[in-house]
Amino acid sequence: NAGVMQNPRHLVRRRGQEARLRCSPMKGHSHVYWYRQLPEEGLKFMVYLQKENIIDESGMPKERFSAEFPKEGPSILRIQQVVRGDSAAYFCASSPGQLNEKLFFGSGTQLSVL
Amino acid sequence: DAKTTQPPSMDCAEGRAANLPCNHSTISGNEYVYWYRQIHSQGPQYIIHGLKNNETNEMASLIITEDRKSSTLILPHATLRDTAVYYCIVSDLLRDNFNKFYFGSGTKLNVKP
């Protein structure tokens, strides 16, 4: 049973380009979370998704960032017109969506903006 | 925002027990306490969680005070590989089965030989 899969592991973009980060949850999991981690800091909540539904996006910047979790396929975190400040590790986690179930994390995507 | 407070760092001698404290004074009756750890830059790893009873698994023990306002994670025999940042989390119940998990700054545990 594969764990949470994130790709790519490393992504390099130039300022102004778009970054697309993918997350495939564990089999049977219908809830996905995205977190961002800057160097030497803790994980910051960004968005919480159920299939075809955004549950909570209170941690997402209002501009340039969007997330989706379609009925089929992985969850996508999209960052448009990237800036150097977007450089960070982005972690995805999934859960079965039952009350008080634990999260399972992927290995993260390290985004570097040149 | 995280509902928990933890010391920023702790040291522990290899082979000794590591006791990591966490305060969660605003926890509500049906919210669980979770512990995760992050080794280097890897994805966080689940350790243990509990509601009000003490819990033990192959990795650690979790002691929750009777008033549930604080807890302690115990690693009974710390090894160098336990050096990591340990996060104590109380999930934020939104509605139905929706839980939101906020990570605070965690405790950096340094296990020394």
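Each value in this text was obtained by applying a stated rule to the coordinates, not by laboratory testing. In this text, all values refer to a predicted model and were calculated from it rather than measured experimentally. Methodologically, a virtual Cβ is constructed for each residue, glycine included, from the backbone with ideal geometry; neighbour enumeration extends over all protein chains shown.
Approximating the spin labels as points 7 Å out from Cα along Cα→Cβ, the A:Ile76-to-B:Leu51 distance works out to 4.0 nm.
Think of chain B as a dipole: +1 on every Lys or Arg Cβ, -1 on every Asp or Glu Cβ, centred on the Cα centre; then among B:Tyr102, B:Ser41, B:Leu62, B:Ser41 lies furthest on the positive end.
Peptides B:67-79, A:24-36, ordered by how many other C-beta atoms sit within 10 Å of their residues on average, highest first, read A:24-36, B:67-79.
A viscosity of 0.890 mPa s and a temperature of 25 °C, combined with the Kirkwood radius over Cα pairs in Stokes-Einstein, give a translational diffusion coefficient for the stretch B:1-90 of 184 µm²/s. Mean partner shielding of peptide A:92-105, defined as the number of other chain Cβ atoms within 10 Å of each residue Cβ, is 5. For A:Lys71, the aspartates and glutamates whose Cα falls under 18 Å of its own Cα, not counting residues fewer than eight places away in the same chain, are A:Glu52, A:Asp56.
Given the C-alpha atoms of the protein assembly as shown, compute the convex hull and give its volume per residue in Å³.
Enclosed volume per residue, from the Cα hull, is 123 Å³.
Summing Cβ point charges (Lys, Arg +1; Asp, Glu -1) relative to the Cα centre of chain A gives a dipole of roughly 380 debye. Taking a quarter of the surface of the Cα convex hull of the stretch A:2-114 gives a mean projected area of 6.8 nm². For the protein assembly as shown, can you list the cysteines whose C-beta has no other cysteine C-beta under 4.7 Å from it? When partners are defined as cysteine Cβ atoms under 4.7 Å apart, the protein assembly as shown leaves B:Cys12 without one.
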